[in-house]
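Taking it in order: structure first as structure tokens, then the write-up.
The values are calculated or read from the model by the stated rules, or taken from the named source; none is laboratory data. Owing to the predicted nature of the structure, the values given are computational and were not obtained by experimental measurement. Here the Cβ positions follow ideal geometry from the backbone for every residue, glycine too, while neighbour counts run over all protein chains shown. Each accessible area value is taken on the protein alone, full model and side chains, heavy atoms only, with ligands, DNA and RNA left out. Shrake-Rupley method; radii C 1.70, N 1.55, O 1.52, S 1.80 Å.
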Amino acid sequence: MKLIYHGHTFLEIETGKQRILIDPFITGNIHCKIKPADIKCDYIILTHAHGDHYGDVLQIAEKNDATVIGIFELVNILSSKGVKKIHPMNIGGGFNFPFGRVKLTIAHHSSSTPEGVYAGDPAGVLLTSEGKTIYHSGDTGLFYDMKLIGEMNRIDYAFLPIGDDFTMGIDDAVKAAEFVNAEYVVPIHYDTFDIIKANPLEFKKKVESIGKKCIVMEFGKTLEC
Ligand code: NI
Ligand code: MN
């Protein structure tokens, strides 16, 4: 499996069988080096409907005839906007897709579309494929149930926001890293906008000080796992 980080919370996952995008925020994402028209994918998972996660989903879904996976209310809004293939889910539920299993977790945040329409609850994503498990927390504050997520899943890579203001800041994300107990932690959701400036190297240092491993992914770079 290959993981490509396009900045913010946009992650591209390439398995032997299929390509999956999480939160395809391209237009307005200063760290993203690709264009919506260049993207190839089979599935798109949205953690929630805010513009910096929803991103270019309509264009990408249409061009690739991709299935959009997400919270019931959100994917139904997408369906009403013309997205042909949706897969509704809700918190705590999992489903076995051809590429692997997706389970949605809680996330303490909010969720409305760029037009301001309520889009159900925000979510985090547990994705298991080819023997590896990824936890993408979505936008969230720190919550104690991350400990349960860590106890019930052997997580290889945990993608956690560190930008503060809208989500956890560095110190709360370090506590989250302790709770989810992943093999590697990767900081996300920082430096895209002025109000979420954060130093990923400070996060890495603090994560390492509690005996955990952290990878600061360069924007656009691929991680082989
Ligand atoms: Ni958000
Ligand atoms: Mn966000």
Discussion item. With n ≥ 4 as the cut-off for DSSP H runs, can you work out [θ] at 222 nm for the chain, using -39500 (n - 2.57) per run divided by the number of residues, rounded to the nearest 500?
Written reply: -6000 deg cm²/dmol
Item to complete: For the chain, build the charge dipole from Cβ charges (+1 Lys, Arg; -1 Asp, Glu) around the Cα centre, then report which of LEU3, PHE219, GLY51 sits farthest towards its positive end.
Response: LEU3
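Say the cut-off is 24 Å between C-alpha atoms; which of LYS40/LYS81; LYS2/LYS103; LYS2/LYS212; LYS35/LYS212 go over it?
Details: LYS40/LYS81 21 Å; LYS2/LYS103 20 Å; LYS2/LYS212 22 Å; LYS35/LYS212 35 Å.
Where the Cα-Cα span goes over 24 Å, the pairs concerned are LYS35/LYS212.
What shape does the chain have by the C-alpha gyration tensor, where a ≥ b ≥ c are the square roots of the eigenvalues, rounded means a/c under 1.5, and otherwise prolate means a/b greater than b/c and oblate the rest?
Working: a/c = 1.42, a/b = 1.35, b/c = 1.05.
Cα axes put the chain in the rounded bin.
Determine the shape class of segment 35-97: with a ≥ b ≥ c the square roots of the Cα gyration tensor eigenvalues, call it rounded for a/c under 1.5, and otherwise prolate if a/b is greater than b/c, oblate otherwise. Walk me through the numbers before you get to the answer.
Values: a/c = 1.65, a/b = 1.45, b/c = 1.14.
The shape class here is prolate.
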Worksheet entry | Zone residues, segment 132-152, relative to ILE91, backbone N less than 13 Å from point 7 Å out along Cα-to-Cβ | 140-141, 143-146
Discussion item. Just to confirm the number: angle between the C-alpha axis of helix 200-209 and the first principal axis of the chain, 0 to 90 degrees, nearest 10?
Written reply: 50 degrees
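Do the alpha carbons of any pairs in LYS33/LYS206; LYS132/LYS204; LYS63/LYS85 sit beyond 18 Å of each other, and which pairs? Working shown, then result.
Details: LYS33/LYS206 29 Å; LYS132/LYS204 22 Å; LYS63/LYS85 12 Å.
Violating the 18 Å limit, Cα to Cα: LYS33/LYS206; LYS132/LYS204.
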Item to complete: Looking at segment 132-225, send over the antiparallel percent of its DSSP beta bridges, to the nearest 5.
Response: 10 percent
Item to complete: Classify segment 62-162 as rounded, prolate or oblate, taking a ≥ b ≥ c as the square roots of the eigenvalues of its Cα gyration tensor: rounded when a/c is under 1.5, otherwise prolate if a/b is larger than b/c and oblate if not.
Response: oblate
Fill in: the chain: relative contact order as a whole-number percent, Cα under 8 Å and 6+ apart
18 percent
Worksheet entry | C-alpha center-to-center spacing [segment 30-84, segment 139-180] in angstrom | 24 Å
Worksheet, complete the sentence: Output ordering of 208-219, 17-28 (per-residue mean of other Cβ within 10 Å, highest first) is 17-28, 208-219
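Determine the percent antiparallel among the DSSP beta bridges restricted to the chain, to the nearest 5.
Details: 28 of 49 bridges.
About 55 percent, rounded to the nearest 5.
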Worksheet item: With every protein chain left in place, what is the accessible area per residue of the chain in square angstrom, probe 1.4 Å?
Response: 42 Å²
Worksheet item: For SER111, which sequence-distant residues (separation of 5 or more, or a different chain) have an amide H within less than 5 Å of its own amide H, given hydrogens modelled in the peptide plane?
Response: ALA119
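Using a Förster distance of 35 angstrom, determine the FRET efficiency expected from the C-beta separation of ASP171 and LYS63, and round it to 0.05.
On the way: r = 41 Å, r/R0 = 1.16.
Computed FRET efficiency for ASP171 and LYS63: 0.30.
Could you please state how large a percent of the accessible area of the chain is carbon and sulfur, counting protein chains only and using a 1.4 Å probe?
Values: 4790 of 9530 Å².
Of all accessible area on the chain, carbon and sulfur atoms account for 50 percent.
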